[in-house]
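The values are calculated or read from the model by the stated rules, or taken from the named source; none is laboratory data. For clarity, every value in this text was computed on a predicted model and none was experimentally measured. Ideal geometry is used to build each Cβ from the backbone, glycine not excepted, and the neighbour counts take in all protein chains shown. We work out accessible area using only protein heavy atoms, side chains counted, and drop any ligands, DNA or RNA first. Shrake-Rupley method; radii C 1.70, N 1.55, O 1.52, S 1.80 Å.
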Amino acid sequence: MIDNVSGLFRATFGAAPVVVASAPGRVNLIGEHTDYNGGPVLPVATSARTSVAVGPAEPGVLELISTLDGERTRIDWRAGRPTGWCAYLAGVMRELDAGGAAPAGAGARVAVASAVPVGAGLASSAALTVAAAQALSLLATVRLSPRQLAGVAYRAEHDYVGVGCGIMDQMCASLARPGHALLLECASLATRYIPIRGRLLLVDTGTRHELTAGALNERRAECEAAVARLRLELPELVWLASWPARWLPRLKRALAEPLRSRALHVVGETARTRFGAQLLTRGHMRRFGKLLYEAHESCRRLYECSAPELDLVVAAARRAGALGARLTGAGWGGAVLVLLGKGDGARGKSEAKVAKEIRRAFAAAYGREPSITSVRPSGGARGKHVTGQGMLRASGVKETTHV
Ligand code: GLA
């Protein structure tokens with residue numbers, strides 16, 4: 001991927017890039033739609049990554065090329081609001097500029113190569129913005145911490161592009177560790193790494209959602225409306241996820257539909273995720289798997305963010321003997337995560353057998369096969385200078401390598 005993106009940069013701009021960086025997509029194990037409600041999430045980073053190669057350009061100009069659409073674009077990012085994936089890069093540049101971490105003149109040439117599928121619920125936009133923030137800040141000879149990278153990427157997507165996302169994807173793309181899930185409490189941003197046991201399959205149904213088209217923004221607005229109403233009961237309530245689980249009857253009385261169902265999902269999912277993190281820590285994989293099925297049901301019935309294709313895959317996984325399965329990411333299409341036990345035999349079904357049964361059920365219903373891959377939890381953003389010239393010109397300091 002790194003070679004691809006350097007090659008794309010060279011072929012497009014006729015020069016070598018100065019910095020190359022990459023960031024992963026993510027698969028969320030549990031904790032869906034809790035992040036923007038101040039609750040916990042438990043994602044892992046995928047081995048599929050987005051790579052970004054950058055070099056200097058005229059002040060205020062972004063010259064862009066991407067494997068996403070193959071088109072070369074030139075934008076004066078201060079003058080207007082670009083559309084599509086270019087908007088995410090303009091957002092990153094704006095945030096870096098505001099924080100004094102943009103390259104000289106806040107202009108850059110940028111090439112993007114991505115192996116993270118778009119719209120599959122695997123956080124392709126965070127992989128792009130985190131990788132870009134890493135590459136562009138290194139081009140400026142500024143080393144941002146992983147949390148700072150996540151903040152830049154989050155504000156680019158949330159404030160600039162206008163997607164009502166939480167901070168899960170950007171934190172995972174920046175901070176993930178190989179072989180571990182990241183338990184992130186989104187109100188405090190406290191983190192803990194939990195080793196992954198069991199095996200994970202990802203079933204991409206091929207159905208796509210368009211986040212900016214509004215479903216996520218609509219749910220977020222419903223959650224905010226629920227908090228506004230619940231403050232009459234609990235004046236100091238800030239986050240929906242902080243509503244006490246023992247006060248569910250009071251919540252049900254206070255809220256009308258659909259806010260009641262949305263809030264019940266968020267409060268239930270918050271409890272499930274914290275409990276799930278404990279189970280995963282102790283290696284209680286069967287009980288953890290049961291929670292995944294429950295979480296899917298809550299997404300389907302209460303949060304109404306599932307899709308028939310996702311429900312079918314979850315049901316087929318259950319019939320095939322998987323420990324757990326649920327939609328992962330925002331929903332309304334995209335992918336299902338399937339949890340299997342440690343090995344073949346009594347405690348763990350073979351990956352091949354479960355995958356075959358899911359494929360067969362899906363093909364019988366939809367006449368095509370989903371793509372099924374195994375998930376290898378990987379690490380967060382990394383970047384390095386590949387040529388020293390841009391850096392020497394910019395600051396006169398010695399080249400350093402960050403990986
Ligand atoms: C999208 C958002 C995330 C999170 C999930 C749902 O992926 O980008 O911040 O809200 O949906 O859990």
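Looking for something of a type in the set (Gly, Ala, Ser), modelled with pLDDT of 95 or more and within 30 Å of ARG143 (Cα to Cα) - is there at least one such residue anywhere in the range 367-376?
Checking the range 367-376: not a single residue is of a type in the set (Gly, Ala, Ser), modelled with pLDDT of 95 or more and within 30 Å of ARG143 (Cα to Cα).
From the list HIS158, HIS180, pick out the single residue that is surrounded by fewer than 22 Cβ atoms within 10 Å (Cβ to Cβ) and within 14 Å of the ligand (Cβ to nearest atom).
Values: HIS180 fails: within 14 Å of the ligand (Cβ to nearest atom).
Matching residue, one of HIS158, HIS180: HIS158.
Which is open to solvent by 40 Å² or more (accessible area, probe 1.4 Å) and within 20 Å of GLY166 (Cα to Cα), of ARG246, ARG260, ARG274, ARG250?
ARG274
Any residue that is more than 30 Å from PHE288 (Cβ to Cβ) and either crowded, with 20+ Cβ neighbours inside 10 Å or within 16 Å of the ligand (Cβ to nearest atom) (or both) - is there at least one of those in the range 33-52?
Within the range 33-52, one or more residues are more than 30 Å from PHE288 (Cβ to Cβ) and either crowded, with 20+ Cβ neighbours inside 10 Å or within 16 Å of the ligand (Cβ to nearest atom) (or both).
Please specify each residue of the range 267-300 satisfying the condition of being among the β-branched types (Val, Ile, Thr) and closer than 14 Å to PRO195 by Cα.
Residue satisfying the conditions is THR281 alone.
With respect to VAL116, is the statement that it is within 15 Å of the ligand (Cβ to nearest atom), farther than 16 Å from LEU138 by Cβ, buried (at least 24 other Cβ atoms within 10 Å of the Cβ) and of a type in the set (A, V, I, L, M) true?
Considered against the rule, which asks whether it is within 15 Å of the ligand (Cβ to nearest atom), farther than 16 Å from LEU138 by Cβ, buried (at least 24 other Cβ atoms within 10 Å of the Cβ) and of a type in the set (A, V, I, L, M), VAL116 comes out as no.
Restricting attention to the range 296-311, and to residues there that are in contact (Cβ under 8 Å) with a residue 60 or more places away in the chain, out of contact with any Pro (no Cβ under 9 Å at 6 or more places or on another chain) and part of a helix (DSSP H, G or I), which single residue is surrounded by the fewest Cβ atoms within 10 Å (Cβ to Cβ)?
Going through the qualifying residues, I end up with CYS299.
Please tell me if THR191 is among the hydroxyl-bearing types (Ser, Thr, Tyr), buried (at least 20 other Cβ atoms within 10 Å of the Cβ) and away from the ligand (no atom under 14 Å from the Cβ).
No, not satisfied.
Just the residues that are touching a residue at least 60 places away in the same chain (Cβ under 8 Å) and among the polar types (S, T, N, Q), please, taken from the range 270-284.
THR270, THR273, THR281
List pairs: first in the range 209-223 and of a type in the set (A, V, I, L, M, F, W, C) and more than 12 Å from the ligand (Cβ to nearest atom), second open to solvent by less than 40 Å² (accessible area, probe 1.4 Å) and modelled with pLDDT of 85 or more, Cβ under 8 Å, 6+ apart or cross-chain?
Cβ pairs passing all conditions: ALA221/GLY164.
Of the residues in the range 285-295, how many are free of Cβ contacts under 8 Å to residues at least 40 places away in the same chain and in contact with a helix residue (DSSP H, G or I) (Cβ under 7 Å, 6 or more places away or on another chain)?
Count: 3.
Pick out the one residue from LEU122, LEU149 that is within 26 Å of THR373 (Cβ to Cβ), crowded, with 22+ Cβ neighbours inside 10 Å, within 18 Å of the chain's Cα centre (by Cα) and among the aliphatic types (A, V, I, L, M).
Sole residue among the options that is within 26 Å of THR373 (Cβ to Cβ), crowded, with 22+ Cβ neighbours inside 10 Å, within 18 Å of the chain's Cα centre (by Cα) and among the aliphatic types (A, V, I, L, M): LEU122.
Looking at GLY289, GLY321, which is the one that is modelled with pLDDT of 95 or more, among the small types (Gly, Ala, Ser) and under 22 Å from VAL267 (Cα atoms)? Steps first, please.
Details: GLY321 fails: under 22 Å from VAL267 (Cα atoms).
One residue alone meets the criteria, GLY289.
Go through LYS384, LYS349, LYS398, LYS342 for me and flag whichever is modelled with pLDDT under 95, surrounded by 15 or more Cβ atoms within 10 Å (Cβ to Cβ) and not small (Gly, Ala, Ser).
Result of the check over LYS384, LYS349, LYS398, LYS342: LYS349.
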